[in-house]
Amino acid sequence: MLQDPALRTQSKGRPLTDAETRFAQDLERIYETGCHDFEKVVDELNSRKITRPSGEAGAWTLEVFEAELKQINASHDAAHAEHGIGA
């Protein structure tokens with residue numbers, strides 16, 4: 001029996017924005033270096049001049065990092081609630 005194609009993206013209530021996709025790719029590149037401590041991740045985001053997916057300007061801090069992730073998650077939760085599974 002084949003898996004329902006919608007289940008492959010069940011955690012996404014909508015497609016990622018271009019900014020979210022770039023941010024995810026940037027985080028993957030940082031994690032691939034073995035950097036997993038959030039303070040060091042934030043340092044890497046700043047040293048690599050990674051822009052915030054929200055479009056807001058300013059330096060990355062732990063608080064900003066957390067807020068950006070929460071904002072993305074809340075947006076996906078709202079879309080998931082509205083549209084169901086799969087993006």
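With r defined as the distance between the Cβ atoms of Asp37 and Asp77 and R0 fixed at 25 Å, what FRET efficiency is calculated, to the nearest 0.05? Present the calculation step by step, with values, prior to reporting the outcome.
On the way: r = 27 Å, r/R0 = 1.07.
So, using R0 = 25 Å, E works out to roughly 0.40.
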Counting other C-beta atoms within 10 Å, which of Lys70, Lys49, Lys40 has the fewest, and how do the rest follow?
-> Lys49, Lys70, Lys40
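Where does the charge balance sit around Leu45 when Lys and Arg score +1, Asp and Glu -1, over other residues with C-beta under 14 Å from its C-beta?
-4
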Roughly how many nanometres apart are two label points built 7 Å out from the Cα toward the Cβ at Asp18 and Leu69?
-> 2.6
DSSP loop GluC sites (Glu not before Pro) in the range 30-87 with at most 16 other Cβ atoms within 10 Å of their Cβ, which ones?
-> Glu56
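Each value in this text was obtained by applying a stated rule to the coordinates, not by laboratory testing. Source: prediction; values computed, not measured. Backbone-built Cβ (ideal geometry, glycine too); neighbour counts: all protein chains shown.
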